[in-house]
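The structure appears right after this line, and notes come after that.
The values are calculated or read from the model by the stated rules, or taken from the named source; none is laboratory data. This one's a predicted model, so the numbers in the text were calculated from it and none came from an experiment. Because the Cβ atoms are built from the backbone with ideal geometry, glycine has one as well, and the counts that use them run over all protein chains shown.
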Amino acid sequence: MSSLDNNTTAPLPRFRRSAQAPRCLLQERDVALLECLWKYRALTTSQLEVLRGSDPNPDLRFVSRLTLTRRLKLLFHSKYVRRLARPSITGMQEPVYLLDTEGAKALSLKHGEVTVRAPSQTPKLAALEHILSINQFRVSLNAACATALKTDESPLQILEWRTSNEAKIRVAARKTTLIPDSGFTFKTPNLKLFYFLEVDLGSEPSRILTEKCRSYYAYWQGGEFAQKYFCPANVGFRVLFIAPTEKRATTILKSIQKLDAGHGMFLVATQDEITPEKILHPIWRDAVQENRRSTLTGN
């Protein structure tokens, strides 16, 4: 245990590394934390708290948020992680963490070569917030599945998570390309479900949203989805829109209502509903019946 964990050292600066930082001896739970940053690219303290707290191995969890934040501080000053400030008009939000050089070296010993991007390639604040919003969905879904497993409910599992580039769609019938924020395959006890994720930034006009939805429907109707994902032609997928506000959610639903067909393919929720406690519950609305009744488990 480091002297920082014993809280015997002077306070360290928050966003500037100190030359006087205590020595960091990596623990197994630290490596698991670094693996999260490698996998997700960027995470807030709260997102790390959820991920590490839902680990099935109790030895890899942090006993409290205070223990986690102290450890993150030590890992930052020892160059295992990077810590970025997130200023906003309402004040400073909680920091975001990325894997750094020493962390990549530590993971390379276990996984083969792991690299990190140069500081100059760090996403700008708006792009970073978008990444965090995508990760909020993924973190919440993972944690909800872990909770269901612990309470002996029906086992739920993300079988595959595809990045934006991996989920890219070419729609031949419309001569267009769709780039979802991600795609994932979800397993329930009786079903294998396919989803694409669209974390809405509130910037696209309604007509563009409608055309995007028409392209998703054409992708399924043309048989390209079944061909790419090796499933029967009658198997479909759903597109999940995450809206930043309730007003924007209404705009998206109205855009979907303009479709001639395929309305039920699209589900909408707001960003503040994307939590481990809510994500598997009826928070999702479709454009036909706007009451929150749909869930991700096929109901």
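Only one entry in Leu66, Leu99, Leu107, Leu74 is in contact (Cβ under 8 Å) with a residue 60 or more places away in the chain, within 30 Å of Leu280 (Cα to Cα) and of a type outside the set (Ser, Thr, Tyr), namely Leu99.
Could you tell me whether any residue of the range 263-272 is more than 18 Å from the chain's Cα centre (by Cα) and surrounded by fewer than 19 Cβ atoms within 10 Å (Cβ to Cβ)? Yes, the range 263-272 has at least one match.
Of the strands (runs of 3 or more DSSP E) lying entirely inside the range 163-207, the ones with 2 or more residues being within 23 Å of the chain's Cα centre (by Cα) are found at 176-178, 182-187, 192-199. Do we find a residue being under 30 Å from Asp55 (Cβ atoms), surrounded by 17 or more Cβ atoms within 10 Å (Cβ to Cβ) and out of contact with any Leu (no Cβ under 6 Å at 6 or more places or on another chain) anywhere in the range 221-233? For the range 221-233, residues under 30 Å from Asp55 (Cβ atoms), surrounded by 17 or more Cβ atoms within 10 Å (Cβ to Cβ) and out of contact with any Leu (no Cβ under 6 Å at 6 or more places or on another chain): absent. Here Thr9 fulfils each of the conditions (1) modelled with pLDDT under 75; (2) under 24 Å from the mean Cα position of the chain (by Cα); (3) of a type in the set (Val, Ile, Thr) apart from (2). Just give me the residues in the range 18-43 being at pLDDT below 70 and within 14 Å of Arg83 (Cα to Cα), in sequence order. Residue satisfying the conditions is Ser18 alone.
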